[in-house]
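What follows is one structure encoded as structure tokens, with my remarks underneath.
The values are calculated or read from the model by the stated rules, or taken from the named source; none is laboratory data. Quick caveat, the model's predicted, so the values are computed rather than measured. Virtual Cβ from ideal backbone geometry, glycine too; neighbours counted across all protein chains shown. To get the accessible areas, we keep the full protein, side chains included, count just its heavy atoms, and leave off ligands, DNA and RNA. Shrake-Rupley method; radii C 1.70, N 1.55, O 1.52, S 1.80 Å.
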There are 2 protein chains.
Amino acid sequence: MGVIERKEREKELRSESIIDAAERIFFNKGFEHATMNDVAEEAELSKGALYLYFHSKNELCMAILQRSLLILKGIFELLRDNNNLTGIEKFPKLAELFITFAKEHPNHYNSLLSYREHRENCPATGKIIMSTIEENKNINNIISDIIKMGQVDKTIKKDIDADKLSLALWGNFTGIMPSSILSEKVIPDFNPENIIEYHFELLLNAIKT
Amino acid sequence: MGVIERKEREKELRSESIIDAAERIFFNKGFEHATMNDVAEEAELSKGALYLYFHSKNELCMAILQRSLLILKGIFELLRDNNNLTGIEKFPKLAELFITFAKEHPNHYNSLLSYREHRENCPATGKIIMSTIEENKNINNIISDIIKMGQVDKTIKKDIDADKLSLALWGNFTGIMPSSILSEKVIPDFNPENIIEYHFELLLNAIKT
DNA sequence: ACAAAATATGACCATGGGTCACTTGGTGAC
DNA sequence: GTCACCAAGTGACCCATGGTCATATTTTGT
């Protein structure tokens, strides 16, 4: 009897539909001003039921953050698997794709940046945190793979440490400066995209063969 | 009669002592778990009085953040004014000093990283936000100046855009990756400091003459 | 048909940010 | 010296909201 399996599927579905509702509410009102009652209503459930699926408001946010990571992963995977580009050609595309992601999914991008805020309020060894960290590593591995492919096709210097560089880039993607992509020009005439692209240009010169 | 001046001084002093108290409380309990009552008690004032000096809990946090920026500014100024080093020699010191700052002032470092969180909840045109942005620009100018000095002493390529690079570095300093300096090793064997230093090493090769 | 288990409800609680009517004490005019 | 005035400070109070739990409903296996 597949009852247990079906129930599991339904539970998963319910969980997803709660996240759907939470996204609509949080993205609309902002995390701070959205209430769990709002989410419950939007999800057509009682507040109590929310807590059967997520331990806290912060954990619900982490679930959204995880979706953001998945979107980004998909984008980077596409780049990695593109066989028409050499490694070094893919490099500046990383910045380009990230900026595109930030502009096309501003809310999800925003959720990425609030990582620290929510993470602090979730149990460090909880399932959600663990799997979020895992997802994060996956993305770093994809970036790292792209660099390594460039080393194989000889367009990127062999002595570059791909793993370290991929982490540095990730830090760069999620810094305070890029976070202003959405909100402000840091300095007149300079918009944040230019800064990120310039940064990549410099690095490109440092790593190309 | 210097009464008005004296009162102004006293007001400033009171304000500073509230920030002192807030630092002790926030750094101890964490922003989330600290209450305004805690701060009031620590400052030997009533809760209502706090609101005569700061409009909200978030604004109080921004005041702390501003102090963090001032500490960092002082550190970078010292480097800028050191005449025994060439521009390019100063460059990797930027990373070194930042990491030292993060380790010696972990709480202030932490406060820097919560910029977005608190900023969102303060009026965008308020005095505190404005002066925080100003302070941030000051730091970027110092970094930029260091790079420009390297161009004058011919140790850094003339065609490097110092202003853009300084912003890129700032983004790098405050990314999610470096934020893990305090909390976790992202990947076994790699600690965040290594990543930042490696990043600087690559950039150094890209900008040196 | 029925008990047990899973799922869902919403009234309720505790907490804490922020307010405001009121008190206090220094100040300066007379 | 007196007194009206005002800035500075107080803390009881308001109320929004995250989270809980006793209870109700639905689904299940037998």
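Just a few scattered comments:
- Pairwise burial A:B, computed as accessible area of each alone minus the pair, summed, 1.4 Å, Å²: 3800
- Relative to its Kirkwood radius, the Cα radius of gyration of the stretch B:54-112 gives an Rg/Rh of 1.11.
- Note, ³J(HN,Hα) from phi for the stretch B:43-54, Karplus 6.51, -1.76, 1.60, rounded to Hz, x at Gly and Pro: 8, 6, 9, 7, 4, x, 5, 4, 6, 7, 10, 9
- Cα convex hull, the stretch A:84-153: 102 Å³ per residue, rounded to a whole number.
- Applying the Karplus relation 6.51 cos²θ - 1.76 cosθ + 1.60 with θ = phi - 60° to the stretch B:23-35 yields 3J(HN,Hα) values of 4, 4, 6, 5, 5, 7, 8, x, 3, 4, 8, 7, 10 Hz, where x marks Gly and Pro.
- For chain B, a crude dipole built from +1 on the beta carbon of Lys and Arg and -1 on the beta carbon of Asp and Glu, taken about the Cα centre, is about 440 debye to the nearest 20.
- Computed from phi, the 3J(HN,Hα) profile of the stretch A:55-67 under the Karplus parametrisation 6.51, -1.76, 1.60 (θ = phi - 60°) reads 6, 7, 4, 5, 5, 4, 5, 4, 5, 5, 4, 4, 4 Hz, with x in place of Gly and Pro.
- The charge dipole of the protein assembly as shown, taken about its Cα centre with unit charges on the Cβ of Lys, Arg, Asp and Glu (plus for the first two, minus for the last two), comes to roughly 420 debye.
- Dipole axis of the protein assembly as shown (+1 Lys, Arg; -1 Asp, Glu on Cβ), positive-most option in B:P106, B:G150, A:T100: B:G150
- Three principal axis extents describe the C-alpha atoms of chain B; from largest down they are 59, 52, 30 Å.
- In this Cβ point-charge picture (+1 for Lys and Arg, -1 for Asp and Glu), the stretch B:1-53 has a dipole of about 160 debye about its Cα centre.
- The fraction of Cα-Cα pairs per 5 angstrom bin, counted from 0 for the stretch B:1-60, comes to 4, 20, 29, 22, 11, 7, 4, 2, 1 percent, rounded to whole percents.
- Histogram of C-alpha separations across the protein assembly as shown, 20 Å bin width, %: 24, 54, 21, 2, 0
- Most to least accessible of B:H55, A:H199 (protein chains only, probe 1.4 Å): B:H55, A:H199
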